[in-house]
Amino acid sequence: MRLRDFAIVGLGAALCGCAVNIENAPINVPVNAATVQPAPSPVAPGSRGDSATAIGVAFSGGGTRAAAFSFGVLKELARTQTPADSAGSTLIDDVDFVSGVSGGSITASYFGYAGDAALTDFRDKFLVQDLQSTLHTDFWDPRNWLFAWAGGVNDRRGVQHWLDAHLFHDATFSALNAAGKPIVWINASDIYNETPFVFDHQTFGALCSDLSRLPLSEAVAASAAVPVAFAPIVMQSFPEACDYQLPEWASAALADPLSSEVLQAYARALSNYHDPAVMRYVKLLDGGLIDNFGLLGLSLRRLESSTPYGPMSAAQAATLKRLLFVVVDAGQSTGNSWVQTASGPEAPALLNAVTSTAMAAGTRGSFDIFVSLMEEWHSKVLDWRCSLTPQEVAGYRGTAAGYDCHDFEIYIARVPFSLLDPDEAKKLSRIPTTLALPTDEVDALIAGGGEALSRAPAYQNFLRSFTSARVALAAN
């Protein structure tokens, strides 16, 4: 776009004289000792299905494109019978925790909320619907420039209201706490502390806020709040509502200059949430700005642990044989027309390219950190398992018979478009990351997600581990 065009639109905005009304009231409420639900137990691998098997899935951002591709992965897990189970259960029963960012957070939260019903109705209720039409997207509307100048063209109301009407029906996080449901982590970005903001009891404890009363739709709207297109979502801290004490691991991280920088940053954020001299309000944007895979939340839970096996319990660490992490990567869309000429990109494409570059760098970093942590965790769990006496093994497992301390593996299956045939991968990568897609593109993404998972080498190794010799930890 030429500078003259910007001047015309800017003049129109100035002459419009329209008042802007961005809804930025805090979305959370203070903790109430009389009504707050107790925090759920930590991540419990192997707690839903086969006690020897656990699966975690992380869904990347990328609008409906990411939501559909992630849904295809869930469908593939649901149609794959657990090799060790003759009763007919499938791998979806072994999914113990789900993490989601932006578009992926919609799939993650709805699966956590609706359970197996999500496998049959999510396509019709969300994937083939047009959420985009509820948003302000006209670049030439001067009112949208006013809103953008004030903080964001859209506030949370359009997305939040639509999600409640079509998916969540005003359900809160308390709906995720039922027995037999996976643990769900929705991820946003705290743009002041420059850290992930994970919607869990660790974060809300520091805010003295009641997570159980927060609508799921609000968390998803925060996770998907793309800068400029959306105004930041606001959370409030209520330090007077509870006697919060910084966890021991956080105090230790802040006191030790050699501790993990990721851990220090998160510990500092928790401290800031409870310090009104630093901040009273937390401003959230799209989780993909810091980690488009939603892996840093998982990494932090491991870093926080003071045991060689945490966040697993000792009994789980002694019983589990295989742990699979599926990292679904729906990528980012950056057009290539401006690299075919000397001119460009113009402002809209430039903004998209800059944002995508930053997100891609953060995503690669979070994946590398995660793989490194899992390798270290795997080694520590094996050392701990092999240090147990037969009496301790029997105490954890019920019996020491057949126990092999080395019989525990971690598999990390990254699932990108590139695992598909080149033509199909190219076609899916060109689908825009909007919140409205044609039905044929949605179905192609669903099919592609299932096919890509089935082709992931680490996933194939995981399946072979049920019937053949163990395969060492690998990431792809």
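General remarks:
- Ala401-Ala52 pseudo-label distance in nm [points 7 Å out on the Cα-to-Cβ vector]: 1.4 nm
- Overall, the anisotropy analysis places the range 86-172 in the prolate class: the square-rooted eigenvalues a ≥ b ≥ c of its C-alpha gyration tensor yield a/c not less than 1.5, with a/b exceeding b/c.
- Distant-in-sequence amide H partners of Val226 (H built 1.01 Å from N, under 5 Å): Asp286
- Between the amide H of Ser209 and those of Val31, distances stay under 5 Å, these residues lying 5 or more places away or on another chain, with hydrogens modeled in the peptide plane.
- Cα gyration tensor category, rounded, prolate or oblate, for the range 134-253 with a/c compared to 1.5: oblate
- Net charge of Cβ neighbours under 12 Å - reference Met312; Lys, Arg +1; Asp, Glu -1: +3
- Over 32 Å between alpha carbons, listed pairs Lys181/Lys427; Lys181/Lys380; Lys125/Lys321; Lys125/Lys380; Lys283/Lys426; Lys75/Lys427: Lys181/Lys427; Lys125/Lys321; Lys125/Lys380; Lys283/Lys426
- Of the residues Phe466, Phe139, the one with the largest accessible area comes first in the ranking Phe139, Phe466, computed with a 1.4 Å probe on protein heavy atoms.
- For the range 55-64, 3J(HN,Hα) per residue [Karplus equation, 6.51 cos²θ - 1.76 cosθ + 1.60, θ = phi - 60°, Hz, x = Gly/Pro]: 10, x, 10, 10, 9, 6, x, x, x, 5
- Environment charge at Phe173 (Cβ cut-off 13 Å; Lys +1, Arg +1, Asp -1, Glu -1): -2
- Cα gyration tensor, the range 187-243 - rounded (a/c under 1.5), prolate or oblate: prolate
- The phi torsions of the range 257-274, fed into the Karplus equation with coefficients 6.51, -1.76 and 1.60 and a -60° offset, translate into couplings of x, 8, 6, 3, 5, 4, 5, 4, 4, 5, 4, 5, 5, 4, 5, 5, 4, 9 Hz, rounded to whole numbers, with Gly and Pro shown as x.
- Here the Karplus curve 6.51 cos²θ - 1.76 cosθ + 1.60, taken at θ = phi - 60°, turns the phi angles of the range 189-204 into couplings of 10, 7, 7, 8, 7, 6, 9, x, 10, 9, 6, 8, 6, 5, 5, 6 Hz, with x standing for Gly and Pro.
- Taking amide hydrogens as placed 1.01 Å from N in the peptide plane, the amide H of Phe97 sits under 5 Å from those of Ile55, Val57, Ile183, each at least 5 positions away in sequence or on another chain.
- Protection proxy ranking of 411-418, 112-119, 273-280, 188-195, by the mean of other Cβ atoms within 10 Å over each peptide's residues and highest first, is 411-418, 188-195, 112-119, 273-280.
The values are calculated or read from the model by the stated rules, or taken from the named source; none is laboratory data. Everything quoted here is computed from the prediction, not taken from an experiment. Using ideal geometry, Cβ is built from the backbone for each residue, glycine included, and neighbour counts are taken over all protein chains shown. Protein only, heavy atoms only, side chains kept; ligands, DNA and RNA dropped before computing areas. Shrake-Rupley method; radii C 1.70, N 1.55, O 1.52, S 1.80 Å.
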